[in-house]
Structure formats: C-alpha cells, structure tokens
Amino acid sequence: MSSTLNLNDDKTVETVMVGRYMEMEQEGEKKTAKSRFSSLLWHGGSAYDAWFSCASNQVAQVLLTLPYSFSQLGMISGILLQLFYGLMGSWTAYLISILYVEYRTRKEREKVDFRNHVIQWFEVLEGLLGKHWRNVGLVFNCTFLLFGSVIQLIACASNIYYINDKLDKRTWTYIFGACCATTVFIPSFRNYRIWSFLGLLMTTYTAWYLAIAALLHGQVEGVKHSGPAKMVLYFTGATNILYTFGGHAVTVEIMHAMWKPQKFKSIYLLATAYVLTLTLPSAAAVYWSFGDQLLEHSNAFALLPRTPFRDAAVILMLVHQFITFGFACTPLYFVWEKAVGLHDCRSMCKRAAARLPVVVPIWFLAIIFPFFGPINSAVGSLLVSFTVYIIPALAYMSTFRFGHARENAVEPPPRCFGGWIGAYTINTIIVGWVLVIGFGFGGWASMTNFIHQINTFGLFTKCYQCPPPLPPISLPVDTPVVAPSPFSYNIISNSSQSTFSSSPSLSPSASYFPHHFHHHNYHHGH
C-alpha cells in the first residue's frame, strides 16, 4: 500500500514539473517596470492566456455563417448540433492534452530538455506510437492548418468588400496577404497574450451585434423557416458546425506555451461554454429574423442594414482574421523551422526570414480557390474530421491499449466517465459518428458544392460572387445625360437596399442578378 502511494506521489511531482522551464528561468531575476509592462502585453503562459487563446481561436468568421447553417438545419437541429459538437470537441481536446502530458513526462524522465523546442502534435504521436502515426498526423495537421490560413485570407477579402468595393476581391487578397505575412515576427503562442484578449472582445462584440440587430430589425415580411429541406443542405450545415468546434488543431502548441500545461484539461471545455453563449443567441436571432433568406445570403452581414455598428463589426472581424491567421500559421512556421534547422535559432530576424516561404503557397491557394464557403465545408469534412476528432481518439486508445500502459498512465480517465471502459466507449462512438456523418455524408455534400463552384465560376476568379455591373440604360438621342452626385447615389443605393430587404418580390436576385450569384452568396469561414 505504501509503495502505491509513493508511486502516485512521484507521478504527481512529475506532472507538476511539466512545463515549468520559464518559471525556473525567471526565478531570482529582478523585474523592472519595462519588463513588467512587456510581460503584461507580450509574455503569456498562464491558464487565463490559454483560455483566451482557445476561445478566440475557436470561433471567428464562422460566427457569421452559423445563421446560414441554421437555415439549412432548422432551429432545433442547429441548437442541438452546436451543443453536441461542442461537447465532442471539448472531449477530443482533453484527449490531446492527456497525450501531450504523457509524452512530455516520458521524455523528461529521459532528461530531454524542451527549453528551446516547441512540442507539436506529430511529435507527440511519434513519441507515443511511432513514425507511421507521426507521418499521418503531420500530413493531416499541416494540410488542415494550411487551408485554415487560406480561409482566413479569403475571409479578409470577402469582408472588406462590404465596406470598399472599389477594388475586386483578388486585389484585396494580395493586400491582406502582405499584411498577414507580418505574423512571421511573432515568436510563439506565448506572445499572443494581448492579441488573444482583443480577439475575444472583437468576437463578443460581433456576436451580440448580430443578435441585437436582428431582434431590433424584427422578422421580415412573409418570413419562412422551412429547414431542413434537402439532405445535401442539411449535411453541409452540419459539417459547418463540426468545423466550428474543431479549432483545436493548435492545442499542443497552446499547451506548450503554458507554464503548467497540466492545467489545460478543463480549459477548452470552459472556452467552448463561453463560445456557445456567443454562437447560439446570434445564430438563433438572425435565423428567426430572416428565415429562408439566409439560404441565399450565407454571411449574416449581407442581410443587416449598413450602419456604423455594422461597419464596426466588419472592421473588428477583419482584425480578428489577422489574429486567427497567425494562430493557424504559427504551427506551420514551427514545422518549417525544424525542417530547415533554424527552430532553435536565437535571432528572431533569421527565423522570420525563414518563415516567409510558408506564406507564399497560402497566398497562391487563396487566389486559386477563392470559394470562401465551399472550401470551408470541404476542409471541415475531409481534414477537420480526421485531424481533431478521429486521430486523437484512435491515438488515445492505441497508446493505452496494454494493461501496463494504463497502470502507469500519468493521467487516467476520470471515474465520472466510467474510467477506461467509459473512455474507450466514448472514443469508439466519436470515431464512428465522425467517420460516417462528418467524413461520409459531410464529404459528399461539401465536395458536391465545391465542384459546383468550380464549374460555375472557374479557378482564379477575379471577384468571387460579386454582383455583376448593371447594364447600361439606353436613352433617346435628344435626352441630356446628367451624372448624379455621389451624395444622391448613396441615397438611392441605401433606399434600394432597404426596399430589397423589406420586399421579397423585389429582391436583387429576382430582379437584376443571375441566380448563381446569390444562391451561395457570401459564404462562411472559421
């Protein structure tokens, strides 16, 4: 009995020591006012920093598309799937955190020093299960993060077009690609302290703006809530919600930035709980207000009247896209640094220069595939389903498949979930559900939509889903033509928008624009 207690005590000590390098390095250092201010804004590593990072990264542009998903799913299915996938995402993030602590504890028993090395998910898989698991994890994780960064870049161009349509979306993609490339100068997730905090404030403002603006607007005349109507739309909407709560592909990097990673276990669940307070009210309110109109306007901004509050929300979401781009791209920077042998370099300028080639393919892919909504659904079904749901569940079961591994586990599963039997049961259900519903039906629906976009618009389209120019008005020869002033043009535009919004029979899609420009208008993103 005493030996068992000693063994447990040793495990506790080992677990507590995980990730305390930064604290040990700072012990005895004299802190100046400058260092305190820098630490406040720049050097994060607490549980609060991890919570802000998880909550800020989990929901961004996808917040604007959840009302569109509700129109595909219906109100009840939309609410239930958000709750279900939120819990599922929290569970798999918990599994990733357990595997990280298990891997790091084993390595530190071997006296491995991680002070100048950022542990990543594929390294955890290699250390626990071998090189084949490493290769699978590396391919899926890097591909997901690559296209995740592409989505953020496309989202920037799509959003800014609401405020300034003088430039086409491809040109805006060039501009924001150059802006997002500045993230190469941010060393690690520990340095996102102030950005994570601001990002969450921006998302919170946008979510409550959507909810309040929709309620004040009221229901449009003749509103209908007919979802779900088609199977392909239903599974497309379900895949979008799966993608919404699958943002924990950077869990290992966030944990490694913490001073005490073992505290991460419940952080993602708490972050998800807060995110649900943003996504549920906003999506439900906008869907209640506009109903089936959302099927043709998948970005919630498209149906709300332009006001200073809406413009502020658009600008804040643009800034948040920059932050989310950094979150998605930083793990790719680490992988590339390790490949070229500069990961342990002390010079940030050399590391930043080495990171720049990572941005180039992201930039290029954003120009080739500007299909903002369809590419999100494809990434969600084909990549997110494996990266953050199936692979972590299978890796956990494979790591602890033998009795001695379960006996020596640093963090056994909680008894409230049924211990090992309960954990394996939950993991089996997750693998089966995501494989059939997320990857199977979701992949079919999303790829059907993606191929349709390619056939309709083609690759390298200059301004994806932009309204076509109005045809010239022919006048009699003797009629004098007087150009309207910009002020009068704005009055006419605003009055036309309000007329279109209030009268379905006078909608732009019915009067002026081809159907395919509006059926998938302003698609979603994470």
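The values are calculated or read from the model by the stated rules, or taken from the named source; none is laboratory data. All values derive from a computational prediction rather than experimental measurement. Cβ coordinates were reconstructed from backbone atoms using ideal geometry, including for glycine residues, and neighbour counts include every protein chain displayed. Areas reflect the complete protein model, heavy atoms only, side chains present, ligands, DNA and RNA absent. Shrake-Rupley method; radii C 1.70, N 1.55, O 1.52, S 1.80 Å.
Taking the conditions exactly as written (open to solvent by 30 Å² or more (accessible area, probe 1.4 Å) and among the aliphatic types (A, V, I, L, M)), does A283 satisfy them or not? Spell out the reasoning first.
Values: open to solvent by 30 Å² or more (accessible area, probe 1.4 Å): no; among the aliphatic types (A, V, I, L, M): yes.
When the stated conditions are applied, A283 does not pass them.
Are any of the residues in region 390-399 out of contact with any Lys or Arg (no Cβ under 8 Å at 6 or more places or on another chain), modelled with pLDDT of 90 or more, farther than 29 Å from W444 by Cα and not in a helix (DSSP H, G or I)?
no
How many residues, within region 210-227, are at positive phi and either open to solvent by 40 Å² or more (accessible area, probe 1.4 Å) or not small (G, A, S) (or both)? Steps first, answer last, please.
Pass one, region 210-227, residues at positive phi: 218, 222.
Among the residues that remain, those that are also either open to solvent by 40 Å² or more (accessible area, probe 1.4 Å) or not small (G, A, S) (or both) are: 222.
So the answer is 1.
Take I151 and tell me if it is within 23 Å of the chain's Cα centre (by Cα) and either surrounded by fewer than 22 Cβ atoms within 10 Å (Cβ to Cβ) or free of Cβ contacts under 8 Å to residues at least 12 places away in the same chain (or both).
Working: within 23 Å of the chain's Cα centre (by Cα): yes; either surrounded by fewer than 22 Cβ atoms within 10 Å (Cβ to Cβ) or free of Cβ contacts under 8 Å to residues at least 12 places away in the same chain (or both): no.
Judged against the criteria, I151 is not a match.
Take I492 and decide whether it is modelled with pLDDT of 55 or more, in a helix (DSSP H, G or I) and under 28 Å from Q293 (Cα atoms). Break it down stepwise before answering.
Working: modelled with pLDDT of 55 or more: no; in a helix (DSSP H, G or I): yes; under 28 Å from Q293 (Cα atoms): yes.
Here the answer is no, as I492 does not meet what is asked.
Looking at A157, A178, can you tell me which residue is open to solvent by less than 30 Å² (accessible area, probe 1.4 Å) and in a helix (DSSP H, G or I)? Can you show your working first?
On the way: A178 fails: open to solvent by less than 30 Å² (accessible area, probe 1.4 Å).
The unique qualifying residue is A157.
Just checking, does region 228-244 include any residue being open to solvent by less than 10 Å² (accessible area, probe 1.4 Å), touching a Gly at 6+ places or on another chain (Cβ under 6 Å) and under 19 Å from I323 (Cβ atoms)?
yes
Are any residues in region 78-128 touching an Asp or Glu at 6+ places or on another chain (Cβ under 7 Å) and either among the β-branched types (V, I, T) or part of a loop (DSSP other than H, G, I, E, B) (or both), and if so, which ones?
Matches in region 78-128: I98, V101, T105, N116, H117, V118, Q120.
Quickly run through region 281-330 and pick out the residues that are under 22 Å from S196 (Cβ atoms) and over 15 Å from the mean Cα position of the chain (by Cα).
Step one: list which residues in region 281-330 are under 22 Å from S196 (Cβ atoms), which gives 282, 312-330.
Passing the criteria: S282, A312, A313, V314, I315, L316.
Out of L295, L342, which single residue is aliphatic (A, V, I, L, M), part of a helix (DSSP H, G or I) and either modelled with pLDDT under 90 or under 25 Å from R190 (Cβ atoms) (or both)? Can you show your working first?
Working: L342 fails: part of a helix (DSSP H, G or I).
Unique residue meeting the criteria: L295.
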